[in-house]
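For reference, the structure discussed in these notes is given below.
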Amino acid sequence: MPAADPSLSTYHLHAVLVHQGEIFSGHYYALIRPQGPGGPWFKFNDRIVVQTSETAATQEQYGGRGLLNMNNSAYVLQYVQEANLAAVLKEVSLPEGLERSLRDEADRIAVWRQRAQRQNQECNLVKLLCAQQVRRLIYEHAGP
């Protein structure tokens, strides 16, 4: 009898779909390790994507009503068979239209951020000038 290939019976956790909230309300987010075992975990929560720890991805999704009153529950676990890791995790090319669309969106976001930063600086300058003017008026009208 030939020896069994251990890679056929070994699986690695690849993604966790989490429900956050109560039974009848809340929302879902995903924790994914796109580079496979040993790679970083990322939390995809609506439009926000942040790197997170393996502990946060695997240990903090059990829910419960203990001292921390956690309302997170792992809803779906996705595993990848070790023998298929390379095929599942391989780089893929984006279609030209999608790649262009993503670049355009990134450019729009960069312009928006620059505009927001400029407006914030202008607002701070106006606040500073107003505060100086108020101090000057108080000083001029202060009685002996």
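Directionally averaged projected area (segment 93-144, Cα convex hull): 3.9 nm².
Note on the chain: Cα-only Rg and Dmax are 26.1, 106 Å.
Counting only alpha carbon atoms, the long axis of helix 96-141 and the longest principal axis of the chain meet at about 30°. If R0 is 25 Å, what FRET efficiency do you get for Val76 and Val50 from their C-beta distance, rounded to 0.05? FRET efficiency, Val76 to Val50: 0.80. With contacts taken as Cα pairs under 8 Å at a separation of at least 6 residues, segment 28-128 carries a relative contact order of 13 percent. Between the exposed loop cleavage positions of the chain, defined as trypsin sites (Lys or Arg not before Pro) in a non-H, G, I, E, B DSSP state with at most 11 neighbouring beta-carbon atoms within 10 angstrom, the longest gap is 91-144. Over all distinct Cα-Cα pairs of segment 6-89, the Kirkwood formula returns a hydrodynamic radius of 13.7 Å. A Förster distance of 35 Å, applied to the separation of the beta-carbon atoms of Tyr62 and Val92, puts the FRET efficiency at 0.60.
Read the figures in this text as sums done on the coordinates, not as results from a lab. The model shown is predicted, which means the values in this text are computed figures rather than measured ones. Cβ atoms come from the backbone with ideal geometry, glycine included; neighbour counts cover every protein chain shown.
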